[in-house]
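The structure under discussion appears below in the form of structure tokens.
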Amino acid sequence: MEKQEGRRIAIITGASGGIGREFTKLMLMENVDEIWAIARNPSRLAALKEEYGDKVIEIVKDLSEPEEVHSIERILQEKKPIIDFLINNAGVARMGACEEFSVEETEAAVYVNCSAVAVLCSMCIPYMKAGSRILNISSASSFQPLPYLNLYAATKVFVRSYSRALNAELKKKGITVTAVCPGWVDTELLIKEINGKKVKFKGMVSAKKVAGKALRDAKRGKDMSVCGMHVKYEHVLAKLFPQKMSMRTWIYRIREYGYEK
Ligand SMILES: NC(=O)c1ccc[n+]([C@@H]2O[C@H](COP(=O)([O-])OP(=O)(O)OC[C@H]3O[C@@H](n4cnc5c(N)ncnc54)[C@H](OP(=O)(O)O)[C@@H]3O)[C@@H](O)[C@H]2O)c1
């Protein structure tokens, strides 16, 4: 029988979608025995396994449910793996005025985008060794507050700040933590049309490019990964200009979609 304990693994949340799928593909080239692919939709996870093979272990979980997140710890306690990579990629986003969000949707978004990220780090670190890597997917939206993308941008501030500080704390153990901050990425997450108007995404890049750059940056021990000139430029601007000015510019840009007419 195959030895279960001490198998080297990568854990990827949101593995079945855009950026997560690309991370799964990249993990096939790493020296890991298993890739634990976490998402809600079983048929999409089955399709992932079909495409990428038996290394992919499907784990159906809804990361907006605390009990389902906690149940991952029980799998870890049973299998006792060595975690080489933890990629906290699952995330939800929706643009809209604050009154369009129900209490339940607000709570679920904060849980998936923030709590699940921190809880999974906390559960996984005891199974990591020097050289293990955590990649937490934040966003360029974390660079400044964004009205009408308010909740999403704020959750990504949490991820960026949490990850960078965790990286500093874990340095002595040889574990790196990278906050990945993409701009617009061509995936299903993006709403392509708002109020009948086709949305223009400035500087949009592919999921493949973001995942590749993130992994290279993580291996170089960087605490932040910024992909593409456009996002680098936005990052610099966000540091130079007052946030009130950035917010006004953003509101001006989204007026054409019917916000703040
Ligand atoms: N696309 C962009 O422009 C962009 C820009 C910056 C940052 N990001 C960030 O990048 C990450 C990946 O986004 P993406 O664009 O690749 O999105 P995507 O194509 O929509 O994929 C999202 C993945 O997360 C999973 N997921 C969503 N809610 C979940 C939940 N409650 N529990 C478990 N899994 C869940 C989805 O699978 P199921 O539906 O089967 O659960 C899917 O596999 C997110 O954190 C996002 O915020 C994206």
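The values are calculated or read from the model by the stated rules, or taken from the named source; none is laboratory data. Keep in mind that what you see is a predicted model, and the values were worked out from it rather than measured. For neighbour counting, all protein chains shown are included, and Cβ atoms are generated from backbone atoms with ideal geometry for every residue, glycine included.
Observations on the model:
- K61 closer than 21 Å to G18 by Cβ, modelled with pLDDT of 95 or more, surrounded by 16 or more Cβ atoms within 10 Å (Cβ to Cβ) and over 18 Å from the mean Cα position of the chain (by Cα): no
- Evaluation of L146 against the conditions (1) in contact (Cβ under 8 Å) with a residue 24 or more places away in the chain; (2) within 11 Å of the ligand (Cβ to nearest atom) shows that the sole unmet condition is (2).
- Residue count, the range 62-87 (criterion: away from the ligand (no atom under 16 Å from the Cβ), part of a loop (DSSP other than H, G, I, E, B) and under 18 Å from A37 (Cβ atoms)): 1
- Single residue of R40, R21 found to be closer than 17 Å to L189 by Cα and without any contact (Cβ under 8 Å) to a residue 24 or more places away in the chain: R40
- A single entry from K202, K171, K197, K192 fulfils the requirement of being touching a residue at least 40 places away in the same chain (Cβ under 8 Å) and more than 24 Å from M29 (Cβ to Cβ): K197.
- Within the range 161-181, the set of residues being surrounded by fewer than 21 Cβ atoms within 10 Å (Cβ to Cβ) and either within 12 Å of the ligand (Cβ to nearest atom) or more than 19 Å from the chain's Cα centre (by Cα) (or both) comprises A168, E169, L170, K171, K172, K173, G174.
- Tallying residues that are touching a helix residue (DSSP H, G or I) at 6+ places or on another chain (Cβ under 6 Å) and more than 6 Å from the ligand (Cβ to nearest atom) within the range 182-194 yields 2.
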